[in-house]
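The values are calculated or read from the model by the stated rules, or taken from the named source; none is laboratory data. On a predicted model such as this, the values are computed, not experimentally measured, just so you know. In this analysis, Cβ positions are derived from the backbone assuming ideal geometry, glycine residues included, and neighbour counts consider all displayed protein chains. The accessibility values were calculated without ligands, DNA or RNA, using every heavy atom of the protein model including side chains. Shrake-Rupley method; radii C 1.70, N 1.55, O 1.52, S 1.80 Å.
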Amino acid sequence: MMGRTIFIDPGRCIGCQACVSACRECDSHRGKSMIHLDYPDEGRSVASLPTVCMHCEDPVAPCAEVCPADAILVTADGVVQQADTTRCIGCANCVNACPFGVPKIDLQAKLQMKCNLCYDRTAYGLAPMCATVCPTGALFYGTLEELQTERPGVQVADSFTFGSTTVSTGVAMVVPADKVQWPVPGGLPVVEINGKDVR
């Protein structure tokens, strides 16, 4: 199936922001975090969700496809890179194209910012900064087999639907076994699966 990647397990996230702080410490980010901690039901729930680039594979990186400056490159192993600062024009096409809402524009620098899977680390076999500090394992870096050995019976999804479009990704999401539907409906919050209310 998939090689070493990040598996996001929202049910384990406690909103501690350790991942955000660790990402900020990465040398290549200059003190800015490329991971976002989202609160899907803010004000009614303490639920939180770490949001990293899903490294879309099919269609290949919508953010890169719409970049008029060819600033966003995809490596041979499928990692969608952060925009090249010498090419990015800050147009925000990538922000609008991403179905997961990952890229952000640094308005001051007029540059796109997003997770690049800590490519400076993962290219050498090291785990991304966020996964190394997550105290609950909400961000797990490894293979599917390693994840299933550690968490028997776990189900993961790497295909998500947005309207009539299905997006296959290089990063996977742990989904509750009793709510599995392939592909997983994209967007938050999921309130209905197969016509049944899941709230």
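General remarks:
- Share of carbon and sulfur in the accessible heavy-atom surface of region 5-175 [1.4 Å probe, %]: 51
- For T149 and R12, the difference between the fully extended length at 0.36 nm per residue and the C-alpha to C-alpha distance is 47.6 nm.
- Between A83, A177, A22, the GNM of the chain built on Cα springs shorter than 10 angstrom shows A177 fluctuating the most.
- For region 1-87, applying the loop criterion from DSSP together with a ceiling of 16 other beta carbons within 10 Å to the trypsin sites (Lys or Arg not before Pro) yields R4, R30, K32, R44, R87.
- The accessible-area ordering, largest first, of the residues V60, V167 stands as V60, V167, per a 1.4 angstrom probe.
- For the chain, the longest site-free run once GluC sites (Glu not before Pro) in DSSP loop states with at most 15 other Cβ atoms within 10 Å are removed: 43-199
- Each Cα pair under 8 Å and six or more residues apart adds its separation to the average, and for the chain the resulting relative contact order is 26 percent.
- Here is the list for region 95-150: chymotrypsin sites (Phe, Trp or Tyr not before Pro) lying in DSSP coil, each with at most 11 other C-beta atoms within 10 angstrom of its C-beta, are Y124.
- Where the chain is the region considered: accessible area per residue in Å², 1.4 Å probe: 52
- Distance between modelled label sites at T166 and Y39, nm, 7 Å Cα→Cβ extension: 3.6
- Converting the Cα gyration tensor eigenvalues of the chain into ellipsoid dimensions via √(5λ) gives semi-axes, longest first, of 26, 20, 17 Å.
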